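Worksheet: one structure, shown below.
The values are calculated or read from the model by the stated rules, or taken from the named source; none is laboratory data. Being a predicted model, the structure only gives us computed values, none of them experimental. Here the Cβ positions follow ideal geometry from the backbone for every residue, glycine too, while neighbour counts run over all protein chains shown.
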Amino acid sequence: MPLGAAQAQTADSAEQLIARWSASDTTCRDPAASAIDAVGACEQRDTLAKVLALAGLCHAPAAEADRSNNAVWTRCAGGAQQEATRATSHFHRMGGVFVLSARLAGSTQVYFIVDSGAATVQIPEEAVEELKRAGKLTEADFIGQRRFSLADGRTMQQRVFRLHSLQIGDRIMENVLATMGPAKSRALLGQSFLRRLNWWKIDNVKNAIEFEFTGAF
C-alpha cells in the first residue's frame, strides 16, 4: 500500500504515526503502567507498526535506534526487508495439531497448540499457579473476567490477565492478553498473540512457524 493510502487510513502523517507509536511503546515498556494500560498500549503500538510498514518505513534494530528523535523508524532503503524482525520456530505435530514450545515471563515453559480460532492466549491453571509461585504473576496483573463462546456453542467464563512476556524462539512479545484455562487444559496460542504479528505462516516442509514482529527485542 502506498504512503498516501496508509495515511488516509489513519488520517495521520508519517510523523504523527511515529509519535503515536513512540508514545504507545513508552507505555508498553513502562513497568509502572497498570496491566490494562500496558496491554492496550502494546497492542496499539503493534497495530501502528503495521501501518508504518505499509507506508514504506522500516523499524531499526534496538541497538541502532535513537528513540529520543524517533530514528527508530526510517524510510526503507532499496526495498529492504525487515529481516531483523523475522523468526522461525520449529514445532511438533501431535494428533493433527501444531505444538510449539514457548517460555512465559522468562521462566515457565509450556507447549502451545497454534489455534487461530481462539480469541486469546490460554494458559492452563497449573502454569498460572507456577507463575504466581515464581513471582512472575500477581493479582495486579489480573484484569477481570470474560465470557467466551466455545466451538460447540457452550460458553465459559475465564479470568483475564496480563502475561508479562511470551517468548517463542529468540523473539519476545511483552504484555500479552491471556486467559486462565481449566486445570489440565491445553495451552492455546490464540489471536491476542497472533494478531499482533505483522504476519505468520506455517511451513509444512520445515515443520515450523515463521513470523514477523516489529515489537520484538
I need the full set of residues from the range 156-195 which are over 10 Å from the mean Cα position of the chain (by Cα) and at positive phi, in order please.
G169, K184
So which residues in the range 203-217 are hydrophobic (A, V, I, L, M, F, W, C) and surrounded by fewer than 15 Cβ atoms within 10 Å (Cβ to Cβ)?
V205, F217
Hits in the range 178-192 - residues which are farther than 19 Å from E130 by Cβ, crowded, with 22+ Cβ neighbours inside 10 Å and out of contact with any Asp or Glu (no Cβ under 6 Å at 6 or more places or on another chain)
S192
Wholly within the range 83-164, strands (runs of 3 or more DSSP E) carrying at least 1 residues that are modelled with pLDDT of 95 or more and surrounded by 14 or more Cβ atoms within 10 Å (Cβ to Cβ):
97-104, 108-114, 121-124, 142-149
